[in-house]
Amino acid sequence: MKIEAFATLAAVLRNGSFAAAAVECNVTPSAVSMQMKQLELYLGQPLFDRSGLQVRPTALARELGALMHGPLQGLEALRKRSGVAVEGAVRLGVIESMQPVVLPHTMRLLRERHPLLELRPVRGRSSGLTAQVKSGELDAALVAEPGKGGSARLHWAPMFRRELLLVAPASAREASAAALFRKYDWIRYDRATITGALAAQYVHAQIHETRGSLEFDSAAAIVAMVSAGLGISVLQISDPGLLKSYPVRTLRLGRGAPVVQFSLVMRKTDAGSRALEAVVDAMRTALLDGGDTARPGHRAAGD
């Protein structure tokens with residue numbers, strides 16, 4: 001029995017479903033299901049109640065998870081402990097809008113933990129940065145993951161999710177998205193980006209009539225235009241400081257709102273690199289320490 005199966009069980013118990021555990025472990029839901037069945041065959045007893053719409057862990061599953069928690073934590077600590085310093089240089093691509101949110105704290109943590117490791121940031125868009133990772137120009141990149149899943153040739157480490165919001169002038173009093181679209185022009189986020197494409201899909205599916213021809217590839221430019229009363233937009237706001245510089249009204253889109261998954265992408269052959277693991281750990285810590293606007297799984301207000 002592979003030790004990974006016990007780690008996957010722990011992820012299922014933490015997240016409450018095979019699908020959520022698959023995201024954490026960066027595998028497919030079917031792979032999670034297969035590992036759980038292998039554990040059940042090994043133990044000779046069921047670990048999940050599959051009689052309802054959702055699988056539910058049995059008392060044995062929780063007992064096994066508690067039993068293996070300590071050993072798994074100990075193994076992870078031993079794996080990370082080494083007398084050899086993490087050193088070298090990591091070429092890291094980061095979406096321009098995410099740089100002020102992620103980079104400062106990540107770089108500070110890396111300097112404290114691994115002073116011999118140099119981080120070399122590169123800015124760009126998700127598609128371009130992903131292509132640079134594929135070609136070997138970058139070691140890794142923080143990008144918006146494609147809606148249907150990224151290239152299977154790459155390793156995707158989920159970092160956080162952001163829900164797209166409707167942004168309207170601060171003076172707008174309309175209570176619904178439909179009413180706002182009837183009154184204001186739609187200022188689009190660049191449809192060549194993942195965020196822009198998600199926003200366009202949502203608007204075309206939910207709003208029957210739209211008007212307006214403005215389209216920008218900068219969230220800051222769009223928020224400034226909206227603040228000036230020139231229209232409304234659907235986008236995610238990476239830097240909360242924008243809302244202080246350009247006062248606007250934000251509305252959640254409710255059930256079915258588009259959500260962008262941000263992941264750290266790297267080549268599969270590099271996924272076990274100690275230098276890249278150090279970057280992943282530092283970035284996740286930075287996001288957790290960043291408060292409500294930048295923590296993994298948070299749904300708040302470019303690609």
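The values are calculated or read from the model by the stated rules, or taken from the named source; none is laboratory data. Since this is a predicted model, take the numbers as computed values, not measurements. Backbone-built Cβ (ideal geometry, glycine too); neighbour counts: all protein chains shown.
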Out of all the residues in the range 219-254, which are within 21 Å of E96 (Cα to Cα), over 25 Å from the mean Cα position of the chain (by Cα) and crowded, with 18+ Cβ neighbours inside 10 Å?
M225, V226, Y246
In the range 268-283, how many are buried (at least 16 other Cβ atoms within 10 Å of the Cβ), over 15 Å from H114 (Cβ atoms) and of a type outside the set (D, E)?
1
Limited to the range 162-177, what total is found for residues that are crowded, with 20+ Cβ neighbours inside 10 Å and assigned to a loop (DSSP other than H, G, I, E, B)?
1
Filtering the range 20-65 down to residues that are in a loop (DSSP other than H, G, I, E, B) and more than 28 Å from the chain's Cα centre (by Cα), which residue is nearest to L9 (Cα to Cα)?
L47
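In the range 285-303, what count of residues is obtained for those that are at pLDDT 50 or above and in contact with a strand residue (DSSP E or B) (Cβ under 7 Å, 6 or more places away or on another chain)?
The total comes to 2.
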Would you mind stating whether L72 is surrounded by fewer than 18 Cβ atoms within 10 Å (Cβ to Cβ) and either assigned by TED's automatic domain parsing to the domain that holds L154 or modelled with pLDDT under 90 (or both)?
yes
In the set L9, L92, L13, the lone residue that is within 24 Å of the chain's Cα centre (by Cα), modelled with pLDDT of 90 or more, under 29 Å from A141 (Cβ atoms) and not in a loop (DSSP other than H, G, I, E, B) is L92
For residues that are surrounded by fewer than 21 Cβ atoms within 10 Å (Cβ to Cβ), out of contact with any Gly (no Cβ under 9 Å at 6 or more places or on another chain) and within 17 Å of I222 (Cβ to Cβ), tally how many sit in the range 178-193.
2
